[in-house]
Amino acid sequence: MSLRSNVLDLRKRKKEVQKGGGDKAIEKQVKMGKLTARERILALLDKNSFHEYDLFVEHAAKDFGMEGKTLHGDGVIIGTGTIYDKPVCIFAQDFTVAGGSLGLMHARKITKIMDHALKMRVPLIGINDSGGARIQEGVNSLAGYGEIFFRNTLASGVIPQISVILGPCAGGAVYSPALTDFVFVVENISKMFITGPSVVKSVLGEEVSMEELGGAKVHAEVTGNAHFYAETEMECFDQIKTLISFIPRSNLKKALPHKPKAPLKGVKVEDIVPADPRIPYDMRDVLKSITDGSEFFEVMERFAPNIIVGFGRMNGETVGFVANQPMVLAGVLDIDSSDKAARFIRYCDAFNIPIVTMEDLPGYLPGVDQEHAGVIRHGAKILYAYSEATVPKITVIVRKAYGGGYIAMNSRHLRADFVFAWPTAEIAVMGPEGAANIVFRKEIAEAENPEEMRQQKIEEYKEKFANPYVAAAQGYIDEVIEPSETRARILHALQVSENKSASMPAKKHGIPPF
Amino acid sequence: MAEEKELKNLVIQGAVYKTTYTKRFENRVKYVTPDPNELYSFIPGTIIDLFVKTKQKVKEGETLLLLEAMKMENQVRMPFDGEIVKIHVKKGEVIPNRHLMIEIKPTK
């Protein structure tokens, strides 16, 4: 045989395996409105950048008639490539091969690329589209999942881990995405649950469709398991690329700077916010008035919308924003919003991304449901996350900052590096209405006209305490600024913080209120 | 997204804020103090046996019914000495969680 014929033989073998589950299975995949695993990788990565490994791996099942079967690549594609010219490791489960079911060799391929990503300190992207464990492989299949979860945990906070749910992801398999940093879902395609609709029905008698139980919208809006929601796979890939452009390659690096841009003209921050703290506005407009190019890339947009988290750039550098949203539930902190913000803060801290907090909240949400569902321990997460974060931390108090909410939202007391307040800021133990009722209870009760007295006392309290100057007099606020100065002050604070050195006491790890 | 919604009132510490609600907030279950005389299901399942009748006197700890759920037979027992006031379930009936099964009253 000549070298030439060897090469031809290799090409033939590759071509055969690259067909995955074959024409019929591919046709089925297309009918479900899904791209194939290979198409997905090629659509996501830079053109001609993908290199595949373990193409010729075969499954290891010996029982239940599996020994005679070939499963191309054992139902998963792994490899490396680039996004915007920066390297990533990637795996994509191939639903056309035995339903993307996870057997021993399938798992070994995934863990191989995970080890690679961790060793090389590059982001890992996992595309999930699998019917679950390969039952014929029994406990080897479970072992495979365990090895993946373990590596997800090892890699957590070291390299970015991105999970893309493009098909079913059921049973134990859901825990790999749950352990990663960002989960992407697509309408009508993503399905995630621990037990499917049929089990729910047979055991509990509850009728529910797959979409209602664990569809894309459910995870984006109700459970908070998903961070990004898209209508189509292509839109989802665009979101992933945008995210990659904002985050660093590993915890040893900083996010790559982009060309600095001014915010769009015509977005005037002082025109957005009403002075009356009880009247809402869209905090996203405030964020867009200060970020480069007025661009803001929101994370978990549909879940707990009373708090906003996401990325923007200031003078070309990535910044993580955490902001109360007065437009929804007056911007209160509650269980879901605390959980959402705390996780994002920890992400930013792990990956050297400065945090800018825009504050306007009346406090924590009252209610039996909140108390019984554990708002104490969940609310504590945000305090923990801000306190332990050592990246530059800047706070701008826009209007209300009452009570526990004031402390929680990156106050000086949790070691904020810079605290700015607008002249509209009200930093107080509670709002004037609540405070007047308590402080002047006797005067109000004994007054000839209690309602009139109450209003008078509310005004009195407002005058005296509902402003930024009491806190400024204590040094809890560094500077009271004009709204139009916000961007310039943040830019300067970021510049000063560039070489910030802060650390936590030596410890194995803390015990955050999970 | 938020702009399209109608503004509603949210009262926090005496102040009335104009804002929008989330689905979760709108669907929150209003808290009701539990009535010790009403026995509710604590898990969805099937009533596989019923041992008591209306007006029957029952001692504390006696089994009233069997609720099968998650492959387990759960014995629902009388919490105190008393009487069966009303039975809301039938043998063989599949019931959801938090479903009123039996009303009882204590012996005076």
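The modelled label-to-label distance for the pair A:Asp238/B:Phe80, using points 7 Å beyond Cα in the direction of Cβ, is 6.5 nm. Highest mean packing first, where packing is the average number of other Cβ atoms within 10 Å per residue, the peptides A:207-213, A:268-274, A:418-424 line up as A:418-424, A:268-274, A:207-213.
In the protein assembly as shown, taking the dipole from charged Cβ atoms about the Cα centre, the farthest positive-side position among A:Phe296, A:Pro123, A:Gly312 is held by A:Pro123.
Assuming charge only on the beta carbon of Lys and Arg (+1) and of Asp and Glu (-1), the dipole of the protein assembly as shown about its Cα centre is about 1900 debye to the nearest 20. Taking every residue in A:369-375 and counting other chain Cβ atoms within 10 Å of its Cβ, the average works out to 2. Think of each Lys and Arg Cβ as +1 and each Asp and Glu Cβ as -1; about the Cα centre, that makes the dipole of region B:38-106 roughly 180 debye. Backbone phi angles across region A:156-171, fed through the Karplus curve with coefficients 6.51, -1.76 and 1.60 (θ = phi - 60°), yield HN-Hα couplings of 4, x, 10, 10, x, 10, 10, 10, 10, 9, 10, x, x, 8, 10, x Hz in residue order; Gly and Pro are listed as x. Highest mean packing comes first when the peptides B:89-95, A:225-231, A:114-120 are listed by Cβ atoms within 10 Å, giving A:225-231, A:114-120, B:89-95. Among beta bridges from DSSP that stay inside region A:12-246, the antiparallel ones total about 35%. Projecting the alpha carbon convex hull of the protein assembly as shown along each direction and taking the average yields 37.7 nm². Partner shielding of A:358-364 amounts to 2, given as the average count of beta-carbon atoms from other chains within 10 Å of each residue beta-carbon.
In this structure, the residue pairs whose Cα-Cα separation is over 20 Å, taken from B:Lys55/B:Lys91; A:Lys47/A:Lys217; A:Lys393/B:Lys23; A:Lys34/A:Lys217, are A:Lys47/A:Lys217; A:Lys393/B:Lys23. Per-residue mean of foreign Cβ neighbours for B:19-32 is 5 (Cβ atoms of other chains, 10 Å radius). With viscosity 1.567 mPa s and temperature 4 °C, the Kirkwood radius over alpha carbon pairs of region A:50-132 converts through Stokes-Einstein to a diffusion coefficient of 99 µm²/s. The HN-Hα couplings worked out from phi for region A:216-230 by the Karplus form 6.51 cos²θ - 1.76 cosθ + 1.60 (θ = phi - 60°) are 4, 5, 4, 6, 7, 10, 9, 7, x, 6, 9, 9, 9, 10, 9 Hz, whole numbers, x standing for Gly and Pro. For region A:382-481, the Kirkwood hydrodynamic radius from C-alpha pairs, put into Stokes-Einstein at 10 °C and a viscosity of 1.306 mPa s, yields a diffusion coefficient of 109 µm² per second.
Using only the alpha-carbon atoms of region A:12-246 as identical scatterers, what base-10 log of I(q)/I(0) does the Debye formula give at q = 0.09, 0.17 Å⁻¹? Cα-only, vacuum Debye calculation for region A:12-246: -0.34, -1.31.
State which entries of A:Lys191/A:Lys340; A:Lys112/A:Lys191; A:Lys24/A:Lys86; A:Lys24/A:Lys112 exceed 28 angstrom in Cα-Cα distance in the structure shown. Going by Cα-Cα distance, A:Lys24/A:Lys86; A:Lys24/A:Lys112 fall outside the 28 Å limit.
FYI, it's all coordinate maths here, none of it is from the lab. What you are looking at is a predicted structure, and each value in this text was computed from that prediction instead of being measured. So basically every Cβ, Gly included, is an ideal-geometry build from the backbone, and we count neighbours across all protein chains shown.
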